[in-house]
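Down below is the structure, laid out as structure tokens.
The values are calculated or read from the model by the stated rules, or taken from the named source; none is laboratory data. These figures come from a predicted structure and were not determined experimentally. Every residue, glycine among them, receives a Cβ derived from its backbone with ideal geometry; neighbour counts consider all protein chains shown. We work out accessible area using only protein heavy atoms, side chains counted, and drop any ligands, DNA or RNA first. Shrake-Rupley method; radii C 1.70, N 1.55, O 1.52, S 1.80 Å.
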Amino acid sequence: MIERQEIRTLLQDPPVGEEVTVMGWVRAWRGNRFMVLNDGSGPETLQVVVNGDTFDEETVRAIGFHACVGVTGTLAESQGSGQAVEVIAERIEIFGANDLSQYPLQPKKQSMEFLRDNGQFRMRTSTFSSVFRVRHGIAYAVNKYFHDRGYYYLHTPIITGNDAEGAGEMFRVSVFDPEQPPRNEEGAIDYRQDFFGKATNLTVSGQLQAEIGALALGKVYTFGPTFRAENSNTSRHLAEFWMIEPEIAFADIENDMDLAEDFVKYLINYCLEHYRGDLEFLDARIKDAEKNMKAADRRPMGLIEMLEFVVQNDFARVTYTEALDILMRSKTYKKGKFEFPLEWGTDLQAEHERYLVEKHFEKPVIVRDYPKDIKAFYMRQNDDGKTVAAMDVLFPYIGEVIGGSQREEREDKLRQRMQEMGIHAEELDWYLQLRTFGGCPHAGFGLGFERIVQFITGMGNIRDVIPFPRAPRLAQF
Ligand code: 4AD
Ligand code: MG
């Protein structure tokens, strides 16, 4: 049996003078006497004193950057500055030596792209280990938030025949030989002969199925992988991401917005309270990266300052029409500095969203009541006949983190909208039946998990907050 103490627990109440055994990976060497060890339990490192009298040079040389070792020795108050305690090594077991001349990573600053290409090792760096600890913390907080408030976690299918968002950006799931798929009389691919007897794809949203849950259990949420084959090579899009979708019965768009704001603030607060050390590290990392930047390119606030600001202030709330008005009255618009056109009826682009959040309101913004033609078929039609009860939550740097709506619960209105948008009623018969039989006003939203992880960790690229990113032409591991 292997016995060891975790560095995180050890440092909470250091048993000075006692013998300890720690195991981990070498983060750095200070000279050839001080080894800095991290075991992943937290951002904390432990300094190990390797005395030349006890260990020969050859042993020390084998323990390069990111080598894996077990150290037994006495925990002592540290002589040097920078740490309170250190281990005076008596025995060192080398689990995995590391020949630095062969190792892809080197003990120096490496670019995010380079680390992404070497994803098998990137979690050993301080930045990525902090990011993935915080990611875990947010996932735990999601489940805790809903569980504590009486929501039920519903697992919606990953393989489905529906296109919930109607955007058609789906990955096909089929067992057909792509070279020779069976064809019907008209010469089209005959999905009736496929595994499920119909065309299926990976889910783009669990919402439609979550509505089934909400109209029976009252309050449910999904939290699962979501797939979109949109060819967006941006720092905010993944082809495989995780989405959290609460769905609640007896709720309208106001309830929905209140829930969204309370929920994201809870997640941020949870991290501020429980992952302080990791956030402090990530905060310092950004400040360091911004040192040589022009003032205009730097973020207006530090990471922790920004997170605290977001939880302490009410989100701004405007309608789409008001937002458009603000944008069209802006200097940026008048000087022709927006790349995309602005006209009532067109969707807001990232540049518009960021203007509203970063320049105009200088805090998160909820935009509601979008034109119906740019939104999905299931959103509840407003009385003006032009807009739907949709809402998007927009954040600094990221733009949209949440998209949600009150659902159309009136069967006739829903049917009519589906017809207008060319969605076949037969395919969504079950969805319509939820209106025919025992329906009620209900609402929900989807939070892009990686987008909130990105915001909380301050990482610039969404590919760096998911362990194994999937994006156009990227499916390593
Ligand atoms: O706005 P979206 O498309 O909404 C829905 O799918 C609804 N069915 C949700 C609901 O009402 N239950 O997506 C929701 C969120 C977005 O706000 C964004 O944060 C995230 O999912 N998202 C993505 N995140 C990463 N990569 C992508 N390609 C994403 N597409 C959407
Ligand atoms: Mg959206």
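Descriptive notes on the structure:
- Angle between the chain longest axis and helix 276-290 axis [Cα atoms, degrees, rounded to 10]: 90
- Per residue accessible area of the stretch 199-242, 1.4 Å probe, in Å²: 32
- Accessible surface of the stretch 75-153, 1.4 Å probe, proportion on carbon and sulfur as whole %: 51
- 16 Å cut-off, amide nitrogen to a point 7 angstrom out along Lys331 Cα→Cβ, residues in the stretch 343-364: 355-356, 358-362
- Cβ crowding within 10 Å averaged over residues, with 250-259, 210-219, 8-17 ranked highest first: 210-219, 250-259, 8-17
- Between the stretch 276-331 and the stretch 1-30, the C-alpha centres lie 37 angstrom from each other.
- Helix 303-312 axis, angle to the chain major axis (alpha carbon atoms, nearest 10°): 40
- With a Förster radius of 56 Å applied to the C-beta separation of Phe309 and Ile189, the computed FRET efficiency comes to 0.60.
- What the phi angles of the stretch 371-379 give under the Karplus curve with 6.51, -1.76 and 1.60, with θ = phi - 60°, is a coupling list of x, 5, 6, 9, 10, 5, 5, 8, 7 Hz, glycine and proline written as x.
- Of the trypsin sites (Lys or Arg not before Pro) in the stretch 361-417, the ones in a loop by DSSP (not H, G, I, E or B) with at most 16 other beta carbons within 10 Å are Lys386, Arg410.
- Computed from the Cβ-Cβ distance with R0 of 41 Å, the FRET efficiency linking Ile88 to Asp297 stands at 0.35.
- Other residues whose C-beta falls under 11 angstrom from the C-beta of Met35 contribute a net charge of +2, scoring Lys and Arg +1 and Asp and Glu -1.
- Pairwise inverse Cα distances across the chain, averaged and inverted, put the Kirkwood hydrodynamic radius at 25.4 Å.
- Zone residues, the stretch 442-468, relative to Glu400, backbone N less than 14 Å from point 7 Å out along Cα-to-Cβ: 445-449, 451
- Approximate spin-label separation Ser232-Gln120, in nm, with each point projected 7 Å along Cα-to-Cβ: 3.2
- Helix axis angle, 411-420 relative to the chain longest principal axis, alpha carbon, degrees: 90
- D_trans [Stokes-Einstein, Kirkwood Rh over alpha-carbon pairs] for the stretch 155-222, 37 °C, 0.692 mPa s, µm² s⁻¹: 241
- Percent of Cα-Cα distances greater than 19 Å, calculated over the stretch 7-108: 36
- Label positions at Asp373 and Phe477, each projected 7 Å from the Cα along the C-beta direction, are separated by 4.4 nm.
- For the stretch 60-138, trypsin sites (Lys or Arg not before Pro) meeting the loop criterion (DSSP other than H, G, I, E, B) and having at most 12 other Cβ atoms within 10 Å: Lys108, Lys109.
- For the stretch 7-108, the share of DSSP beta bridges that are antiparallel, to the nearest 5, is 85%.
- Sparsely packed GluC sites (Glu not before Pro) within the stretch 268-340, loop by DSSP, other Cβ within 10 Å at most 12: Glu339
- Surface composition of the stretch 175-252: carbon plus sulfur atoms contribute 52% of the solvent-accessible area (1.4 Å probe, protein chains only, all chains present).
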